[in-house]
Amino acid sequence: MLWMARAKPLNLRGFLIYKSLISADEQAEIVENIRAGLSQAPMFSPRTAWGKPMSVQMTSAGRFGWYSDSDGYRYEPKHPNGNDWPAIPASILRIWDEVSDVSRQPDCCLVNHYREKARMGLHQDNDEQDFDFPVVSISLGDDALFRIGGTDRKDKTESIWLSSGDVCVMGGGARLAYHGIDRIRFGTSTLLKNAGRINLTLRVVD
Ligand code: SIN
Ligand code: MN
């Protein structure tokens, strides 16, 4: 029987980074599938709990979408326009199955779109019920400088460039570690028509 060994990830303080895990064809398929959901659930710019608009644009797929406004960070069963979120495309669930080692499928695929000047401040992903499930992050498009720290905001940080097709698993001791995107290198990838970066994070919510 033909079988393929899973690529060995880099382990950066418990963040498992699979460089170039997703082929160019699969990346294009995923982008196409995400784009197909945008008429039902268009991108929007959420506000932080302090009322400041985020520089990334977001939407989601799955039973829940991540949302933020002056009432705080949370998951919502509907897009702000009242629509259900589209289903998580099979092309994306395949990546979860390949790297997650858990039997449950994710409830949310958060889609973050970074234009030239967008960034994401250091934060923890802690709006989910059960931290035994990992968060799986998929990078598409332009390179991004990913900063990772520890579980205390004051912990020392280090950075790594993430490129299109890279997959990062935040699980175990790294599940509640601080992380963020300092900047993107605009125009380093031809995957997206207008350059920029899409990051997908897959999460088990409830
Ligand atoms: C996130 O933490 O939600 C996004 C991380 C990334 O864009 O790589
Ligand atoms: Mn995050």
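Under the Kirkwood approximation for Rh and a Cα-based Rg, what ratio Rg/Rh is obtained for region 1-78? Write down the numbers at each step before the final one.
Numbers: Rg = 17.3 Å, Rh = 15.8 Å.
Answer for region 1-78: 1.10.
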Original post:
Charges only on Cβ, +1 for Lys and Arg, -1 for Asp and Glu: so what's the dipole of region 96-136 about the Cα centre, in debye to the nearest 20?
Top reply: 420
Subject >> Among 29-36, 141-148, 51-58, the order from most to least packed when residues are scored by Cβ within 10 Å on average >> reply: 141-148, 29-36, 51-58
Original post:
Okay, helix-only estimate at 222 nm for the chain: each DSSP H run of n ≥ 4 adds -39500 (n - 2.57), divide by all residues, round to 500 deg cm²/dmol; what do you get?
Top reply: -3500 deg cm²/dmol
**OP:** Sticking with the crude label model, points 7 Å out along Cα→Cβ, report the distance from R183 to E98 in nm, one decimal please.
**Re:** 3.1
Original post:
What dipole magnitude, in Debye to the nearest 20, does region 162-206 give about its Cα centre under +1 on Lys/Arg Cβ and -1 on Asp/Glu Cβ?
Top reply: 140
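Relative to the Cα centre, what is the charge dipole magnitude of the chain, using +1 at the beta carbon of each Lys and Arg, -1 at the beta carbon of each Asp and Glu, and rounding to the nearest 20 debye?
Dipole magnitude for the chain comes out near 660 debye.
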**OP:** Please give, to one decimal in nm, the separation of the simple spin-label points placed at W161 and A28, each 7 Å out from Cα toward the Cβ.
**Re:** 2.4
Original post:
Fully extended, how many nm does the chain gain between Q105 and M43 (0.36 nm per residue separation, minus their Cα-Cα distance)?
Top reply: 20.0 nm
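Largest first and in whole Å, what are the equivalent-ellipsoid semi-axes of the chain based on the Cα gyration tensor, each being the root of 5 times an eigenvalue?
Sorted largest first and rounded, they come to 22, 20, 19 Å.
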Original post:
Which residues in region 58-83 have a backbone N closer than 17 Å to a point placed 7 Å from the Cα of D206 along the Cα-to-Cβ line?
Top reply: 61-67, 74-80, 83
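Where a number appears in this text, it was derived from the coordinates with a stated rule and is not lab data. Since we're looking at a predicted model, the values are computed, not measured. In this analysis, Cβ positions are derived from the backbone assuming ideal geometry, glycine residues included, and neighbour counts consider all displayed protein chains.
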